[in-house]
């Protein structure tokens with residue numbers, strides 16, 4: 001893709017949310033227009049203001065979902081974004097998307113016809129290797145969603161043993177986002 005793309009970064013409620021501003025900053029430095037949508041659970045791990053500063057704009061949340069004008073953000077964000085990048089992506093956020101839930105702004109945006117979705121998972125290694133997570137990942141891949149990571153290494157939590165579940169490095173996430181943007185493939189309709 002020539003020039004930058006329009007990327008909606010979805011931040012979910014995992015410990016790795018503290019790394020989201022670095023990903024957002026790198027995307028902006030690479031010439032992409034970036035907006036941020038965060039789940040309420042994300043704010044347990046990172047302040048909304050920190051995400052807003054990194055994005056250079058307000059953060060889209062459940063509190064901003066419905067406007068007095070009648071405009072609904074999940075539809076307008078899905079139409080605006082060339083790519084929805086969920087970083088970090090929790091097991092919960094992937095499960096919600098895989099079964100078609102849309103009761104928070106981010107999952108509703110994905111459900112409302114996001115053109116391309118890239119997941120950057122980050123979770124405990126046992127959660128990543130759980131058969132339910134594997135099934136959800138395969139469902140999302142079947143719909144054309146892409147994945148970057150997770151990586152192997154020490155977790156942000158108090159885990160002492162390394163394992164697969166760590167958020168991919170910022171540069172790897174940005175490279176995967178740019179590869180997804182340059183792809184001519186659009187995602188199939190999950191209902192077809």
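FYI, it's all coordinate maths here, none of it is from the lab. Predicted model, so just to flag it, every value in this text is computed and none were measured. Cβ sites come from the backbone with ideal geometry, for glycine too, and all protein chains shown count toward neighbours.
For the stretch 6-182, DSSP calls about 20 percent of its internal beta bridges antiparallel. Run the Debye formula on the Cα coordinates of the stretch 86-186, all scatterers equal and no solvent, and tell me log10 I(q)/I(0) at q = 0.10, 0.20 1/Å. Taking Cα atoms of the stretch 86-186 as identical point scatterers yields -0.27, -1.03.
Residues 141, 6 in ascending order of nearby Cβ atoms (within 10 Å, fewest first): 141, 6.
Computing semi-axes √(5λ) of the Cα gyration tensor in Å for the structure here picks out one of (i) 60, 19, 12; (ii) 23, 19, 17; (iii) 30, 22, 13, namely (ii). Looking at the calculated P(r) for the stretch 28-125, what percent of the C-alpha pair distances fall above 15 Å? For the stretch 28-125, the share of Cα pairs beyond 15 Å comes to 63 percent.
Rounded to the nearest 500, the helix-only mean residue ellipticity at 222 nm of the chain stands at -10500 deg cm²/dmol, with each DSSP H run of n ≥ 4 adding -39,500 (n - 2.57).
Remark: the stretch 26-76 projects, on average over all directions, an area of 4.1 nm² (convex hull of Cα atoms). Which residues in the stretch 76-91 have a backbone N closer than 20 Å to a point placed 7 Å from the Cα of residue 58 along the Cα-to-Cβ line? Label zone hits: 76-81. Take 43-56, 16-29 and order them by the average number of nearby Cβ atoms within 10 Å per residue, most first; the result is 16-29, 43-56.
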